[in-house]
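Student: Below is one structure. I have some questions about it.
The values are calculated or read from the model by the stated rules, or taken from the named source; none is laboratory data. Note that this is a predicted model, so its numbers are computed, not measured. Ideal geometry is used to build each Cβ from the backbone, glycine not excepted, and the neighbour counts take in all protein chains shown. Heavy atoms of the whole protein, side chains included, go into the accessibility calculation; ligands, DNA and RNA do not. Shrake-Rupley method; radii C 1.70, N 1.55, O 1.52, S 1.80 Å.
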Amino acid sequence: AGLEVIDVPGASGTIDTNYQGKVDAALRSLQSRDFVYLHIEAPDEAGHEGEIDLKVRAIELFDEKVVGPVLQGLEESGEDWRVLLMPDHATPIAIKTHSSDPVPFTIAGSGIQPDGVERFDELAAQRGGYVMVQATALVGMMKR
């Protein structure tokens, strides 16, 4: 896809990754690029381990240390922006491996109208305005 890999010291696929370094690198990259893909592996790895408490904690850390700071940085940039937040696949605790189950996603930013969903989970996503979307259509939904 022609994306440049950004080396972030302390970045790992575990719950103790350098969240701040990843966020800082992503926001810095957006100063000269139109697109950044930021990947956090910890919730997936916790699913593979079958540890519900670890998976919940990984998701909480993602929300606290990535989603909040990224959204704040985008708001402070003064630029138009859009963000797509989603897992790349489901990794249910019960089976400890990837599944083909639908995953929730959210799109936010300039020109995006909220659909009234207030939580980010599989059940809330079924009540949202998008319900089920083919993955190939998501990038098109990001265009302005």
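Student: Working only within segment 83-128, note down all residues that are of a type in the set (Asp, Glu) and open to solvent by less than 60 Å² (accessible area, probe 1.4 Å).
Tutor: Asp121
Student: Just to be sure I understand, how many residues within segment 131-144 are open to solvent by less than 80 Å² (accessible area, probe 1.4 Å) and in a helix (DSSP H, G or I)?
Tutor: 6
Student: How many residues does segment 22-57 hold that are basic (Lys, Arg), surrounded by fewer than 18 Cβ atoms within 10 Å (Cβ to Cβ) and over 25 Å from Ser110 (Cα atoms)?
Tutor: 1
Student: If Tyr19 meets every condition in (1) of a type in the set (Ser, Thr, Tyr); (2) open to solvent by 60 Å² or more (accessible area, probe 1.4 Å); (3) under 15 Å from the mean Cα position of the chain (by Cα); (4) modelled with pLDDT of 95 or more apart from one, which number is that one?
Tutor: Exception for Tyr19: condition (2).
Student: Also, quick follow-up: Hey, does segment 64-74 have a residue that's in contact (Cβ under 8 Å) with a residue 40 or more places away in the chain, out of contact with any helix residue (DSSP H, G or I) (no Cβ under 9 Å at 6 or more places or on another chain) and either surrounded by 15 or more Cβ atoms within 10 Å (Cβ to Cβ) or not hydroxyl-bearing (Ser, Thr, Tyr) (or both)?
Tutor: no
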